Amino acid sequence: MKEKSLRTHLKALEHESIHIIREVASEFKNPVMLYSIGKDSAVMLHLARKAFYPSRLPFPLMHVDTTWKFREMITFRDRMVKEYDLDLIVHTNEEGRANNVNPFTHGSSLYTQIMKTDALKQALTAHKFDAAFGGARRDEEKSRAKERIFSFRTENHSWDPKNQRPELWNIFNTRIKPGESIRVFPLSNWTEQDIWQYIMLENIPIVPLYFAKERPVVKRDGTWIMVDDDRLPLNEGEVPEMKMVRFRTLGCYPLTGAVESSASTLEEIFEEMLIARTSEREGRMIDHDDTASMEKKKREGYF
Amino acid sequence: MSEQMMTASGALDGGKFARQESRDILRFLTCGSVDDGKSTLIGRLLYDSKTIFEDQMRSLEAVSKKHGTTGDDIDLALLLDGLQAEQEQGITIDVAYRFFASDKRKFVVADTPGHEQYTRNMATGASNCDLAVILIDARKGVLTQTRRHSFINSLIGVRHVVLAINKMDLMDFSQEVFDKIVDDYKAFAQGFEFESIMAVPLSARYGDNVVVKSDKTPWYDGPSLLSYLEDIDVESADRSLPFRFPVQWVNRPNLNFRGFSGTVASGIAHVGDEVVVAKSGKTSRIKSIVTMDGDLPEAEAGEAVTITLEDEIDISRGDLLALTQHRPQVTDQISAHIIWMDNSRMMVGRPYIIKMGTQQVQATVTDLKHKIDVNDATHKDAGKTLELNEIGFCNLSFAQPLAMDTYEENRKTGSFILIDRFSNQTVAAGLVWFGLRRAENIHWQAVDIDKKARAAQKGQTPKVLWFTGLSGSGKSTIANLVEKKLHGEGHHTYLLDGDNVRHGLNRDLGFTDVDRVENIRRIGEVAKLMVDAGLIVLTAFISPYVAERRMVREMLEDGEFFEVYVDTPLEVCEARDVKGLYAKAREGKIKNFTGIDSPYEAPVQPEIYVNTAEMSAEAAADLIIAALEKE
């Protein structure tokens, strides 16, 4: 028997998320959990395991593999699948792969559109998923603050900010027509701090890239890019150097900036975050275009 | 940025992990309009609590230059406008959720706008909050919108209010101004059930009394807004209420384990307690309370757990577990307040889906008793419809009984939403006022001679041929021909049309949308009785709405309802104008005439389709008979 501490904010968030996850499993025919392998996905997966214990997860996980993820992410993903006995679907936009779509020759925006957004839409359509969990949080970005927990998507997966359903109490409207779907964000009310605290309290495994370590990096546009394999084209005169760095978010390695850090434990990461002066999304190259860029991407079907 | 603010952000900086671990959550909403400085106030709380990072500040500086209203200062209000269109209009038009934390608490802010048309958003924001910060512009004092905000909060069950009396800098931080506003507010708020009302004089733009106490208000001896929010005890009564556990999911990993997963809505239950399934009345004892972190001795309000029972009793999603000594009501008729949230208006008599906890069934508003004016909380004449943002007090009836409490007793088990069956939109939020027990007294009289027996005697399969189409499309003519042919073949039939229904049974009904709904409902019920009597029923009514035609279809058994769409173009109907009605409608002498100033929703998949442009009435009747014989 374990002592409880319900009144802490993390316990309250945990119970709220479990309620949301169970609601989806009960009300939808064919849900899927989008698994990005990052820390938010790690927390979401942990909550899902809690929601259905002692049963297995009643839905599969899906990873949209752009083929440019950090190698350590893929290793970690496969370890989790084995350890927790999960069903995993890995989807890659094969047309994009055949055309060798990459962040360098195609630019980050087109690359993201083809290998992430289009790939996701393909997979959702092919498997006829009627609900998809995502690990997005409302504190991440301005347009997310107004996002519902159950976010309605039309038949072509687009999001209309003017046509979202009001959400009251913890009663969620899960009704859709054939072909339509709902994206569900069980971590909506978590902040970056909550995520890290919870990972620490619950001992949740995360990809080692979050911890500082000497890694081969090159400096580009004021940020450190890790040379994860020999596919990264080096500019003239660019020589990878070893630096103590870590990542605050994870994605495609050529588009994910590292920060110089010596934080190699969760406690140190947490302390570092408390004095941090930039948001975690600064490391993401795709958000910089303009303030409304995320909103635009979401309308197009980006998660 | 003022010096005061810099020290303030320093004050919130610290917070090591250990201290933060024991924080709780306060969920509050902010009510007011952009003009009251609401967005500036929230922006100030986020900024001073260091929730805004440098990169976000840089982007804010850029945006401030383009859209800001504060000259060279950074416009904190712009932090909050998430969506492009709103950003350009300079108005927040939806509920947005913001987060910040101090050493003592994590705060979730539901940011809701204050304009008249946004009752829907405020109710949505308030539904999960324990406290409301109501903004008042010190220059303007208590306004109609202040009353509106207070009423909605009171209705939704928010019991703690903070009056943020803003822009005190523009009133020289005058105590007199402050005191007058507080007195005005308290005078009218007496009618509301608030447990606490606190007033804070502040300037969101300059940070006075927001995070730290200002030296400009020496006469004010209360705390700053943030200190107050950090310390106020809003511990909800959920834990002390009777135990309620809505079953979400049946947990069945193998044959040896059968658990019921859900979140405790209220109260507390221990292993060994006797529980009852509200709807079936079956009882058992709690055997274990299971979580991935180990079994628990008890489960209390807010906890998501899995409960196993001593006995194998029938329980599924939608059931509500309670302790045997404190049971919820089980009823299929209630009275309730509903807040209408959709552009398509509520109609008495039209079926909707109700979702209450984990229960979901069909529901109809059977009566609208009165409307409530949100501006002064007075009752208004009801009518039969509710428009977007209107609040009504109604009776509802459900297709099956539901387990519930009143909203006053329990916010979790006394709340519901209504969903439109076609658009699937959430059209209303509802608060249970009380259960009407009439339902228990109406029992079906079991009879020995049933539909099958009556149909067998007549040697036919009873059914309804539902003719729909514009006025003058030829429905009655064709239906009449079909009836003649059926009669000739020895069938027992009856034709319901405007002549024999509108002048008798339905002579109290007009042609408004609501009356049309009721008209069709009654015709449907009569047709159903006639089918029960074994007859083949033909009906010839315009029946312009998909929803009501579907309602009748659902009253009958599968295969009994044949929709016959008599498709005649409006121009043709108007040119025929047998009864001269189109001419009158065009002159404005008849209102709500289908096709002219009232819509006709054509069937998408009728059982039988008749195109009168391509065939005569006689040929159409033959086509219908042929289609029936094929069945």
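The values are calculated or read from the model by the stated rules, or taken from the named source; none is laboratory data. Note that the structure is a prediction, hence the values are computed from the model and not measured. Here Cβ is always computed from backbone atoms with ideal geometry, including for glycine, and neighbour counts include all displayed protein chains. Surface areas here come from the heavy atoms of the whole protein model, side chains and all, with no ligands, DNA or RNA. Shrake-Rupley method; radii C 1.70, N 1.55, O 1.52, S 1.80 Å.
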Seminar exercise, completed: Within the stretch A:138-166, residues crowded, with 21+ Cβ neighbours inside 10 Å and at the interface with chain B (Cβ under 7 Å from one of its Cβ atoms) come out as A:R138, A:D139, A:K142, A:S143, A:A145, A:K146, A:R165, A:P166
Problem set entry | Residue ID - most open to solvent (accessible area, probe 1.4 Å), chosen from residues in the stretch A:174-223 that are more than 19 Å from A:R49 (Cα to Cα) and among the acidic types (D, E) | A:D221
For this session: Only one of these is in contact with a helix residue (DSSP H, G or I) (Cβ under 7 Å, 6 or more places away or on another chain) and either in a loop (DSSP other than H, G, I, E, B) or within 14 Å of chain A (Cβ to nearest Cβ) (or both): B:R252, B:R205. Name it.
Result: B:R205
Problem set entry | Qualifying residues in the stretch B:515-545 (those that are of a type in the set (G, A, S) and over 19 Å from B:E601 (Cβ atoms)) - the one surrounded by the most Cβ atoms within 10 Å (Cβ to Cβ) | B:A527
Problem set entry | Answer from A:A48, A:A12, A:A42 - the residue that is facing chain B (nearest Cβ under 7 Å), more than 25 Å from A:S108 (Cα to Cα) and assigned to a helix (DSSP H, G or I) | A:A12
Exercise. Applying the selection to the stretch A:14-28, what residues are among the small types (G, A, S) and within 19 Å of A:R137 (Cα to Cα)?
Worked result: A:S17
For this session: Sort out which residues of the stretch B:209-249 are within 14 Å of chain A (Cβ to nearest Cβ), in contact with a helix residue (DSSP H, G or I) (Cβ under 6 Å, 6 or more places away or on another chain) and open to solvent by 20 Å² or more (accessible area, probe 1.4 Å), and write them in order of number.
Result: B:W249
Problem set entry | Which numbered condition B:A322 misses (of (1) touching a residue at least 40 places away in the same chain (Cβ under 8 Å); (2) within 14 Å of chain A (Cβ to nearest Cβ); (3) under 17 Å from B:V271 (Cα atoms); (4) surrounded by 19 or more Cβ atoms within 10 Å (Cβ to Cβ)) | (2)
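Determine whether B:E548 is outside any strand (DSSP E or B), open to solvent by less than 50 Å² (accessible area, probe 1.4 Å) and among the acidic types (D, E).
In short, yes.
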For this session: Name, by its number, the condition in (1) surrounded by fewer than 18 Cβ atoms within 10 Å (Cβ to Cβ); (2) away from chain B (no Cβ under 14 Å) that does not hold for A:E267.
Result: (2)
Exercise. Hey, does the stretch A:26-36 have a residue that's of a type in the set (V, I, T), crowded, with 21+ Cβ neighbours inside 10 Å and out of contact with any Cys (no Cβ under 9 Å at 6 or more places or on another chain)?
Worked result: yes
Seminar exercise, completed: How many residues of the stretch B:400-418 are crowded, with 22+ Cβ neighbours inside 10 Å and part of a strand (DSSP E or B)? The answer is 7
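Matching residues to (1) surrounded by fewer than 17 Cβ atoms within 10 Å (Cβ to Cβ); (2) without any contact (Cβ under 8 Å) to a residue 40 or more places away in the chain; (3) in a strand (DSSP E or B); (4) polar (S, T, N, Q):
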| position | (1), (2), (3), (4) |
| --- | --- |
| B:H326 | yes, no, no, no |
| B:S344 | yes, no, no, yes |
| B:G349 | no, no, no, no |
| B:V374 | no, no, no, no |
